[in-house]
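The values are calculated or read from the model by the stated rules, or taken from the named source; none is laboratory data. Since we're looking at a predicted model, the values are computed, not measured. Glycine also receives a Cβ, built like all others from the backbone with ideal geometry; neighbour counts cover every protein chain displayed.
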Amino acid sequence: MGWPSYTLSSDKLGTEVAVSIVTSHLPEGRAAVQRHLEAQAKLTDADRDALRLTLADVTSHMAGDEIIAKDVPLDTPRFVLSGWLCRAVTLPDGRRQILDFYIPGDLAGHSSRAGARAKAPYVCLTNAVTASAAPLAARLREHPDAYSGLSRALAALEDEIEKRLLDQIVRTGRMQAHERMAHLLSELHARHHRAGIGLGNGFVMPLTQETLGEALGLSTVHVNRVLQQLRREQSIRTAAGRIEIANAEFLAANTVVRH
């Protein structure tokens, strides 16, 4: 069974998308979570059993739903099983800066720091399905030695999220427009394939040009021009709500960030 399809208009990334999330695809979402965690640390049988129990209790969300509000305690983390989420800051005049994306397999709203609060809300960009990771996090705090693999994996996820935020700062602060787009698409490509939800040499892309602009600090017109440039250079191909990396060497040459 394939991953859920996202239908783009004939204008491809230029308009809103219609997203269908169905429960028949939740096994792929659960598998994506396990693959993501196992990419961070080796899991034991006890780790996997605890994870399976956690991923059994799911919640559906609509596009636009705020699943974690600003300034609330970060004690309700959620695994993303289907759909896309973001963490974003909205200015008083309505302009929005997206700080990070969360795709199937990711953990949103997790912090190991006691008393940590959300500095920005977590919002559904599409319809989504999530599973609460709060019971799992509590179990790990109470019995860290019994679930050593998961404990290491969640710590590694926190480091990964921090790295993505650093990448986002460099992307929007120092890169040229085509570098920003190439870097973001390369990151998303790698994350999809690590979680086992890639499609050939690409991935499902439900984001509009406006949303991409909110992540990259570019106007919709500028996003359109950059995508056209990457298509002309045959670096990417876009069709039917998907992005395909057609020239990995080109993207790699334009996406080097050293920490």
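Could you tell me whether segment 87-95 includes any residue that is closer than 27 Å to Glu28 by Cβ, hydrophobic (A, V, I, L, M, F, W, C) and in contact (Cβ under 8 Å) with a residue 60 or more places away in the chain?
As a first pass, look at segment 87-95 and keep what is closer than 27 Å to Glu28 by Cβ: 87-88.
Narrowing further to those that are hydrophobic (A, V, I, L, M, F, W, C): 88.
Still in the list and also in contact (Cβ under 8 Å) with a residue 60 or more places away in the chain: 88.
Yes, that holds for at least one residue.
Find the strands (runs of 3 or more DSSP E) located wholly in segment 68-113 whose residues include 3 or more that are within 21 Å of Leu212 (Cα to Cα) and of a type outside the set (D, E, K, R), and list them. Steps first, please.
On the way: elements: 78-82, 85-90, 96-102.
The qualifying strands (runs of 3 or more DSSP E) are 85-90, 96-102.
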Would you say Ser132 is touching a strand residue (DSSP E or B) at 6+ places or on another chain (Cβ under 8 Å), modelled with pLDDT of 95 or more and crowded, with 16+ Cβ neighbours inside 10 Å?
yes
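Pull up segment 69-92, narrow it to residues that are aliphatic (A, V, I, L, M) and more than 15 Å from the chain's Cα centre (by Cα), then point me to the one that is surrounded by the most Cβ atoms within 10 Å (Cβ to Cβ).
Filtering segment 69-92 down to residues aliphatic (A, V, I, L, M) leaves 69, 72, 74, 80-81, 85, 88-89, 91.
Then drop every residue that is not more than 15 Å from the chain's Cα centre (by Cα), which leaves 69, 72, 74, 89, 91.
On the way: Ala69: 12, Val72: 13, Leu74: 19, Val89: 13, Leu91: 8.
Within segment 69-92, the match that is surrounded by the most Cβ atoms within 10 Å (Cβ to Cβ) is Leu74.
Which of the residues that make up segment 194-209 are of a type outside the set (S, T, N, Q) and either touching a residue at least 40 places away in the same chain (Cβ under 8 Å) or surrounded by fewer than 16 Cβ atoms within 10 Å (Cβ to Cβ) (or both)?
First, pick out the residues of segment 194-209 that are of a type outside the set (S, T, N, Q): 194-200, 202-207.
Listed by number, the residues that qualify are Arg194, Ala195, Gly196, Ile197, Leu199, Gly200, Gly202, Phe203, Val204, Met205, Pro206, Leu207.
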Considering only residues of segment 23-39 that are surrounded by fewer than 18 Cβ atoms within 10 Å (Cβ to Cβ) and within 19 Å of the chain's Cα centre (by Cα), which is modelled with the lowest pLDDT?
Pro27
State yes or no: is Arg180 of a type in the set (Lys, Arg), surrounded by fewer than 18 Cβ atoms within 10 Å (Cβ to Cβ), over 15 Å from the mean Cα position of the chain (by Cα) and more than 20 Å from Ser82 (Cβ to Cβ)?
no
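Does Thr59 satisfy the condition of being more than 12 Å from the chain's Cα centre (by Cα), of a type in the set (S, T, N, Q), surrounded by fewer than 23 Cβ atoms within 10 Å (Cβ to Cβ) and not in a loop (DSSP other than H, G, I, E, B)?
Values: more than 12 Å from the chain's Cα centre (by Cα): yes; of a type in the set (S, T, N, Q): yes; surrounded by fewer than 23 Cβ atoms within 10 Å (Cβ to Cβ): yes; not in a loop (DSSP other than H, G, I, E, B): yes.
So Thr59 passes the test.
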Looking at segment 204-214, can you tell me whether even one residue there is in contact with a helix residue (DSSP H, G or I) (Cβ under 9 Å, 6 or more places away or on another chain) and under 20 Å from Lys163 (Cβ atoms)?
no
Starting from residues that are within 21 Å of Arg87 (Cβ to Cβ) and surrounded by fewer than 20 Cβ atoms within 10 Å (Cβ to Cβ), keep the ones in segment 221-259 and report whichever is modelled with the lowest pLDDT.
His259
